[in-house]
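Following: one structure in structure tokens, then a few remarks.
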Amino acid sequence: MTPIVSVVVPVYNEEDGLQALFDRLYPALDALNTPYEILFINDGSRDRSAGLLSAQYEKRPDVTRVILFNGNFGQHRAILAGFEHSKGSRIVTLDADLQNPPEDIATLLAEMDKGHDYVGSIRRQRNDSWWRHIASRSMNNLREKLTKIKMTDQGCMLRAYSRRIIDTINQCQEMHTFIPALAYSFSQNPSEVVVGHEERFAGESKYSLYSLIRLNFDLMTGFSILPLQLFSMLGIFVSLGSGALFLLLVLRRIFMGPEVGGLFTLFAIVFFLIGIALFGIGLLGEYIGRIYHEVRQRPRYLIANILQANPDQHKKDGA
């Protein structure tokens with residue numbers, strides 16, 4: 001039977017919490033009384049996650065598929081692999097750490113019943129550390145101003161997509177992207193619902209502060225050239241200001257004589273301009289780096305094996 005709902009779950013070093021995920025996810029989907037499938041993507045885990053996923057496939061091969069990467073390619077590429085192998089008309093993404101209750105999948109699907117083709121989620125009460133909460137809110141505000149993509153809670157991966165959106169995403173060949181924002185840009189009637197948020201059942205977050213900053217760089221540079229435009233405008237204003245300052249110093253020297261003790265002022269101005277120049281070089285480097293990754297056209301991921309009931313459905317490695 002062709003599934004109606006496909007649940008995509010990326011897994012990376014989650015051995016301590018997988019059994020708890022199984023114990024909650026399958027009953028939550030069974031209660032929907034709707035044909036479904038679950039796609040677990042093992043993103044190069046170095047613990048026993050792959051073995052646990054294989055054992056779970058043996059228990060429920062009728063609704064379970066396991067995609068095993070031959071390395072670690074990142075959460076978003078794991079989700080893209082799940083999208084390419086999913087068969088449902090509605091696709092739900094869920095993290096494996098149980099911070100988003102699997103029982104809330106029904107809430108997202110009910111919202112899709114109202115005619116929405118993309119349903120995001122807003123965590124009712126975040127249980128992250130204080131620095132993650134502040135960093136997430138700051139990045140959300142900056143991202144919305146730069147990209148004009150409105151997502152109340154970009155960090156929550158419990159989201160539902162229509163098949164049309166997933167097929168459109170599968171046509172994209174970007175090496176670096178942010179799936180919720182990409183889906184939002186393709187959506188015709190998006191919506192958001194409030195979902196629960198719990199502490200991690202086990203283990204630690206795979207996203208460090210640096211990873212979060214990198215993710216937001218990918219988001220901003222992948223969906224907008226506004227940072228480059230703003231820096232160009234800043235360069236114009238700095239050039240005009242520098243010209244005005246030079247003219248002022250010339251007039252001062254003509255009418256008032258040489259300035260005494262102005263060396264440190266000159267140093268301050270030079271360091272300020274150097275700082276702006278270095279920032280601009282770094283910003284330009286972000287965009288050039290994206291171009292560098294794209295033109296190499298390397299596969300976004302490599303699949304070592306797929307556990308599924310019908311092996312004839314195996315698709316080619318990479319994308």
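Take the conditions (1) farther than 24 Å from residue 291 by Cα; (2) of a type in the set (Val, Ile, Thr); (3) modelled with pLDDT of 80 or more; (4) within 16 Å of the chain's Cα centre (by Cα); residue 152 misses just one of them, which is (3). Taken residue by residue, region 2-11 has at least one member that is open to solvent by 40 Å² or more (accessible area, probe 1.4 Å) and either in contact with a Lys or Arg (Cβ under 8 Å, 6 or more places away or on another chain) or within 15 Å of residue 102 (Cα to Cα) (or both).
Taking strands (runs of 3 or more DSSP E) that do not extend beyond region 16-121, which have at least 2 residues that are free of Cβ contacts under 8 Å to residues at least 60 places away in the same chain?
Counting at least 2 such residues, we get 36-42.
Looking across 47, 43, 30, one residue alone is among the acidic types (Asp, Glu) and either open to solvent by 50 Å² or more (accessible area, probe 1.4 Å) or in contact with a Cys (Cβ under 7 Å, 6 or more places away or on another chain) (or both). It is 30. Checked against (1) in contact with a Phe, Trp or Tyr (Cβ under 8 Å, 6 or more places away or on another chain); (2) modelled with pLDDT of 95 or more; (3) closer than 24 Å to residue 117 by Cα, residue 76 passes all but a single condition, namely (2).
The values are calculated or read from the model by the stated rules, or taken from the named source; none is laboratory data. All values reported here derive from a predicted model rather than from experimental measurement. We place every Cβ from the backbone using ideal geometry, glycine too, and count neighbours over all the protein chains shown. When the accessible area is computed, the model is the full protein with side chains, heavy atoms only, and any ligands, DNA or RNA have been set aside. Shrake-Rupley method; radii C 1.70, N 1.55, O 1.52, S 1.80 Å.
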